[in-house]
Amino acid sequence: MAHERFGVEITAEAGPGVLHQLTGAIARHEGDIAAVEIVDGGPPFARIYFEVVLPGEMAALRADLESLTVVQHLEIVESLQKIYGKRIIIVGGGAQVGQVAIGAISEADRHNIRGEHISVDTIPLVGEKPLADAVRAVARLPRAKALVLAGSLMGGEIETAVREVRAKGLLVVSLNMAGSVPAAADLVVSDPVQAGVMTVMAVAETAKFTIDRLKQRVF
């Protein structure tokens, strides 16, 4: 039986045990929760978003959820996986981040026209601890597939964080900068625009570029 991924946005009463009731209803219909986020958690109501993979139609689960006394409103929406797809996160100095974004957004547009769904997020940051925290946080972001470190000097705790997120399966691309981060990354690219392009190509299913097949790691 085919499994389909649904987006479900629920406005429910805020309070202890509400999430338990909602997930219990999903479990009764053999739904696999692929993602969950409390979009707005202020009392008296909370807005909760689920992505649920179901073996059957959504109608029965919808009726079960709407029958719960805590549920005020329910809406079936397109999943964020379908709309925004894979995420590329660019972190570092403002000028370098902007140049990497030019390459990544231009290349993502080329693939998205052909049916891909790739989105690009950026955050300019300075300082070893803020950057290390940001690197570790990328591994917790939904749908994040690759991280680009765009700066002129990164090392120390940032290198440790890079090795940690790579161990969790995140692709890390670094500009060719001073410090120890380039040695810890999957791929090192000197030109920031090209770094953005190559990162998108590495995660796009419509591209034939595979990092594992490269004979060199620094460009």
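Values as computed for the structure displayed
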quantity: 1 or more residues of a type outside the set (Asp, Glu) and loosely packed, with under 12 Cβ neighbours inside 10 Å: qualifying helices (runs of 4 or more DSSP H) within the stretch 1-117; calculated: 18-28, 59-66, 80-83
quantity: Residue 94 vs. criteria not assigned by TED's automatic domain parsing to the domain that holds residue 9 and not hydroxyl-bearing (Ser, Thr, Tyr); calculated: yes
quantity: Yes/no for residue 151 being in the same structural domain as residue 90 (by TED's automatic domain parsing), on the phi > 0 side of the Ramachandran plot and touching a residue at least 12 places away in the same chain (Cβ under 8 Å); calculated: no
quantity: Residue that is surrounded by the fewest Cβ atoms within 10 Å (Cβ to Cβ) [pool: residues in the stretch 118-148 that are charged (D, E, K, R) and under 19 Å from the mean Cα position of the chain (by Cα)]; calculated: 140
quantity: Matching option when the condition is in a loop (DSSP other than H, G, I, E, B) and either at negative phi or modelled with pLDDT of 95 or more (or both), among 160, 206; calculated: 206
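The values are calculated or read from the model by the stated rules, or taken from the named source; none is laboratory data. Keep in mind it's a predicted model, so treat the numbers as computed, not measured. So basically every Cβ, Gly included, is an ideal-geometry build from the backbone, and we count neighbours across all protein chains shown.
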